[in-house]
1. Test of understanding: among Ile249, Ile239, which residue is at pLDDT below 95, touching a helix residue (DSSP H, G or I) at 6+ places or on another chain (Cβ under 8 Å) and more than 22 Å from Gly147 (Cβ to Cβ)?
2. Quick check on region 104-112. Is at least one of its residues farther than 30 Å from Ala386 by Cα, of a type outside the set (A, V, I, L, M, F, W, C) and either in a loop (DSSP other than H, G, I, E, B) or open to solvent by less than 30 Å² (accessible area, probe 1.4 Å) (or both)?
3. Let me confirm something: among Val201, Val217, which residue is in contact with a strand residue (DSSP E or B) (Cβ under 8 Å, 6 or more places away or on another chain) and either closer than 22 Å to Lys304 by Cα or at pLDDT below 95 (or both)?
4. Yes or no: region 256-271 includes at least one residue that is of a type in the set (A, V, I, L, M), open to solvent by 40 Å² or more (accessible area, probe 1.4 Å) and closer than 30 Å to Phe334 by Cα.
5. For region 148-168, check the following and say yes or no: at least one residue is in contact (Cβ under 8 Å) with a residue 24 or more places away in the chain, of a type in the set (Phe, Trp, Tyr) and under 21 Å from Gly202 (Cβ atoms).
6. Which of the residues spanning region 180-206 are of a type in the set (S, T, N, Q), at negative phi and out of contact with any His (no Cβ under 8 Å at 6 or more places or on another chain)?
7. Would you check which residues across region 122-142 are open to solvent by 10 Å² or more (accessible area, probe 1.4 Å) and either within 19 Å of Thr173 (Cα to Cα) or under 9 Å from the mean Cα position of the chain (by Cα) (or both) and list them?
8. Considering every residue within region 349-361, establish whether at least one is crowded, with 20+ Cβ neighbours inside 10 Å, without any contact (Cβ under 8 Å) to a residue 40 or more places away in the chain, in a helix (DSSP H, G or I) and among the hydrophobic types (A, V, I, L, M, F, W, C).
Amino acid sequence: MDIQPRCYDKVIQLMKKGVDIPNPLTLDLGDEVRVDQISGDGVKIYPGCRLYGEKTVISAGCRIGYESPVTIDNCQLGTDVELKGGYFTESVFLDKANMGSGAQVREGCILEEEANGAHCVGLKQTILFPFVTLGSLINFCDCLMAGGTSRKVHSEVGSSYIHFNFTPDGDKTTASLFGDVPRGVMLNQPPIFLGGQGGTVGPSRMGYGNVVAANSVLRNDFIEDNKLIVEKAQSGKIIDFMPRAYPNIRRVVENNVIYIANLRALEEWYLRVRRPFFDDHEFGSLIFSGLLDKLGLATKERIKRLQVMAEKAKSSNEADAAAEPGIFERNEFFEKFAEIEALFTVPLDGGIEKYRDDFLSALHKAGSEKSAGYIAVIQGLPANVAYKGTAWLQRIVDTFCQKTQEVFPRLKLFGK
């Protein structure tokens, strides 16, 4: 009987180029996996692991499957990433990111430098900025989280935390911002702390420096900074449930638009600022392409979810429409949704270029050396230069919000 694995030749190639594979017969590689996209420098793949996907990239120093078997499918890993056990698909992990065993990281995730999670963490369509730390037994899908300045001073999500991202009406227009992109990318904001055994009902927004007490379930926005938040449990009651009533549709639309606008701002940051830092990386162009791909997936996901809600929110009976609270606003949202979809797929004007050029010019004059590394360069920017960068990215967010408000005058978005 021939027990030679189907991927025998590829395993031999990996071992010859220097990949440490202690038990080669337990490794499974898909036929589509490219050996030339797996570094031979310090990579170790432990027994029982599976690698699939033609876009899979594993950079120098990565350790795969130390605590339990790992499945990787079309993920891009930067240097010194450690995935200790679990399932990982269609996501990007930048330098020194790591996840504990039992993780399930599904499509559309980006873990930037040194972002990490303990055991049994579930993520999907999640973006974590550098240093963000997740405890154990966490469901944190459909979020963006920033804040913190180092591995010692970092935003943290306590164990057994849940981001509630699915409504009784079957909607997932629930993405939440913990921090934001314009300030968060500067890596100079105080950390956010979400206490364990708690949760957030999305969509929600939170400012920097906030501390949420353990066992608190958040149902509102807390956009001010540096607050201690202690939420009381809701009082018990039984009332009639009205499906698809959408009493808070204005807030839901606002928070979704702000979230998508932040994704567009992050895309611009990647294109204009982060790209050069990948030039000297062994697989830099592939990892950078992965980042843009995941941002594209995230934007499409949010627009798709908004469209589904718009279809549900419209009146199904014209004769009764006038009797339904807020129905004219909801019908407007449905009827003009195509304009919003188009808005997020075309370049914006509104003077953004001037803000961008002012920052890029100041960034160049600051004289930071790319060789110092992305985090060191950004954290080394003078305060006035970082301010210009934040102003540029905030201008992107504000312009999207303004144009959305013009499309939906009945909704009176953003207090207008």
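1. Only one candidate qualifies: Ile249.
2. Scanning region 104-112, I find at least one residue that is farther than 30 Å from Ala386 by Cα, of a type outside the set (A, V, I, L, M, F, W, C) and either in a loop (DSSP other than H, G, I, E, B) or open to solvent by less than 30 Å² (accessible area, probe 1.4 Å) (or both), so the answer is yes.
3. Val201
4. Scanning region 256-271, I find no residue that is of a type in the set (A, V, I, L, M), open to solvent by 40 Å² or more (accessible area, probe 1.4 Å) and closer than 30 Å to Phe334 by Cα, so the answer is no.
5. Yes - at least one qualifying residue is present in region 148-168.
6. Correct list: Asn188, Gln189, Ser204.
7. Matches in region 122-142: Gly122, Lys124, Gln125, Asn139.
8. Yes, the conditions are met somewhere in region 349-361.
The values are calculated or read from the model by the stated rules, or taken from the named source; none is laboratory data. This structure is a prediction, so every number in the text was calculated from the model and none was measured. Neighbour counts run over all protein chains shown; Cβ positions are idealised from the backbone, glycine included. Surface areas here come from the heavy atoms of the whole protein model, side chains and all, with no ligands, DNA or RNA. Shrake-Rupley method; radii C 1.70, N 1.55, O 1.52, S 1.80 Å.
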